[in-house]
1. What is the residue count in region 124-138 for residues that are over 24 Å from Gln56 (Cβ atoms), in a helix (DSSP H, G or I) and open to solvent by less than 50 Å² (accessible area, probe 1.4 Å)?
2. Is it true that some residue in region 157-169 is surrounded by 11 or more Cβ atoms within 10 Å (Cβ to Cβ) and assigned to a helix (DSSP H, G or I)?
3. Would you tally the residues in region 170-199 being open to solvent by 60 Å² or more (accessible area, probe 1.4 Å) and assigned to a loop (DSSP other than H, G, I, E, B)?
4. Please find, among Pro92, Pro17, the residue that is free of Cβ contacts under 8 Å to residues at least 24 places away in the same chain and part of a helix (DSSP H, G or I).
5. Taking the condition of being among the polar types (S, T, N, Q), out of contact with any helix residue (DSSP H, G or I) (no Cβ under 7 Å at 6 or more places or on another chain) and either open to solvent by less than 50 Å² (accessible area, probe 1.4 Å) or part of a helix (DSSP H, G or I) (or both), how many residues in region 96-123 meet it?
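The values are calculated or read from the model by the stated rules, or taken from the named source; none is laboratory data. All figures in this text were calculated on a predicted structure; none of them were measured in a lab. No Cβ is skipped: glycine too gets one built from the backbone with ideal geometry, and neighbour counts run over all protein chains shown. Surface accessibility is based on the protein's heavy atoms, side chains included, excluding ligands, DNA and RNA. Shrake-Rupley method; radii C 1.70, N 1.55, O 1.52, S 1.80 Å.
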Amino acid sequence: SYRYLLGCVYRDLGEAPHAIDCYQQAADCADTLDSDCDYHTLVTIYGQIAYLFRDQFLPDDEIAALKAVAKNAHLDRDTLTEIIAIYQLASPYFMKSDTDSVLIVEKQARELFLQHSRKDYASQSVLGTLRIALDRHDLPEAERLLTIYRNESGLFDSKGELIRISAYNVDKGMYLTLSGKLDSAQYYFRKAIAWGQYE
């Protein structure tokens with residue numbers, strides 16, 4: 001719709017408040033009682049809203065937008081997008097230091113991914129839980145999650161190198177630091193810096 005396209009223009013101009021306003025107007029125009037309602041477009045609209053709220057560090061608003069993504073993806077019968085939205089809730093919950101919710105949504109997402117034969121996605125959905133284990137100095141749990149991510153995520157090439165940006169190198173460095181293996185930890189932190197990671 002016109003309002004959605006205008007929202008995209010404002011987004012590209014860096015005018016987040018105007019973009020969110022236009023996206024919200026576009027969503028409000030949708031007739032969700034109509035059997036022909038375009039839920040796919042609503043998923044896209046709320047996905048854009050969630051991204052903008054994340055960029056502005058507004059976790060409560062991002063959570064609301066991601067829940068709207070999941071709801072409309074469910075109505076659109078887009079199961080994978082629905083589960084991804086559930087997993088993405090971990091990030092704003094982590095920002096709020098709501099560790100219980102991080103653990104709950106990541107566990108739920110992993111179980112749903114596995115039910116739909118997406119072991120790769122399930123294995124990628126451990127990073128919030130991993131960071132909590134590291135914060136708690138729970139090294140056995142951290143090692144278990146690092147191994148799952150390393151072996152099952154599909155994000156490593158045949159030489160064991162990451163093929164896309166991930167928090168893995170930072171988390172591996174933190175794990176090795178806590179394990180007292182400082183030289184090895186430095187190696188992973190340098191790799192993280194080379195990727196442009198400063199988490």
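1. Summing the residues that are over 24 Å from Gln56 (Cβ atoms), in a helix (DSSP H, G or I) and open to solvent by less than 50 Å² (accessible area, probe 1.4 Å) in region 124-138 gives 6.
2. Yes, region 157-169 contains at least one residue that is surrounded by 11 or more Cβ atoms within 10 Å (Cβ to Cβ) and assigned to a helix (DSSP H, G or I).
3. Selection size over region 170-199: 4.
4. Pro17
5. Selection size over region 96-123: 1.
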